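Taking it in order: structure first as structure tokens, then the write-up.
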Amino acid sequence: MNTIAQVRPDRVRCRVAPSALALLESARQGLVSAEGDVSAGGRYVGAHLAALRAAAAIVAARAEPPSPRRKRPRSVWEMLPRVEPTLSEWAAFFAAGAGKRAAAEAGLPRAVSGREADELLRDAATFVSLAETALGVTTPLPLSLPAAM
């Protein structure tokens, strides 16, 4: 099976599994969708999920096949530092925001502020770009994200 894929015509060909490329593309689309969400909770959830998909792309591309012995399930944020140590701080940052994301997904009105959502959206966009770079995928033009208030 040929693992050379091209996500978009404006990207350079690279050796990354199609599943990882699909996760990166989904992360990019999630950022665009989150940017257009009018609710702070929706922007926060969308940004966090985009970062999660980008991290999953790296793990999918770099992780060793699972051993036949069953182990407890691990989150992507636990696995990311093992396969890409340079993103350890990012993994800790996004893992710490998982509870807030869950609260926003549950619809709690004061789970996140507009500023927190916009900051996470910018951080997630940076992280998605770093994930693309880590996998050798040429990054498209930056997204136009809201300015800090």
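The values are calculated or read from the model by the stated rules, or taken from the named source; none is laboratory data. Given the structure is predicted, the values throughout are model-derived calculations rather than measurements. Please note: Cβ atoms are built from the backbone with ideal geometry, for glycine as well, and neighbour counts cover all protein chains shown.
Of the conditions (1) within 21 Å of Ala125 (Cβ to Cβ); (2) more than 12 Å from the chain's Cα centre (by Cα), Gly46 fails just one. Which one is it?
(2)
For a quick check of your reading of the model, give me the residue pairs whose first member lies in segment 114-137 and is in contact (Cβ under 8 Å) with a residue 24 or more places away in the chain and over 13 Å from Arg28 (Cβ atoms), whose second is surrounded by fewer than 18 Cβ atoms within 10 Å (Cβ to Cβ) and among the aliphatic types (A, V, I, L, M), with beta-carbon atoms closer than 6 Å and at least 6 apart or on different chains.
Close Cβ pairs satisfying both conditions: Arg115/Met149.
Report yes if some residue within segment 20-30 is surrounded by fewer than 23 Cβ atoms within 10 Å (Cβ to Cβ) and outside any helix (DSSP H, G or I); otherwise report no.
no
Let me spell it out: the conditions are (1) buried (at least 18 other Cβ atoms within 10 Å of the Cβ); (2) at pLDDT 95 or above, and Ser113 meets all of them except one. Which number is the exception?
(1)
Do we find that Val7 is in a loop (DSSP other than H, G, I, E, B), over 12 Å from the mean Cα position of the chain (by Cα) and at pLDDT 90 or above in this structure?
Spelling it out, it is not the case that Val7 is in a loop (DSSP other than H, G, I, E, B), over 12 Å from the mean Cα position of the chain (by Cα) and at pLDDT 90 or above.
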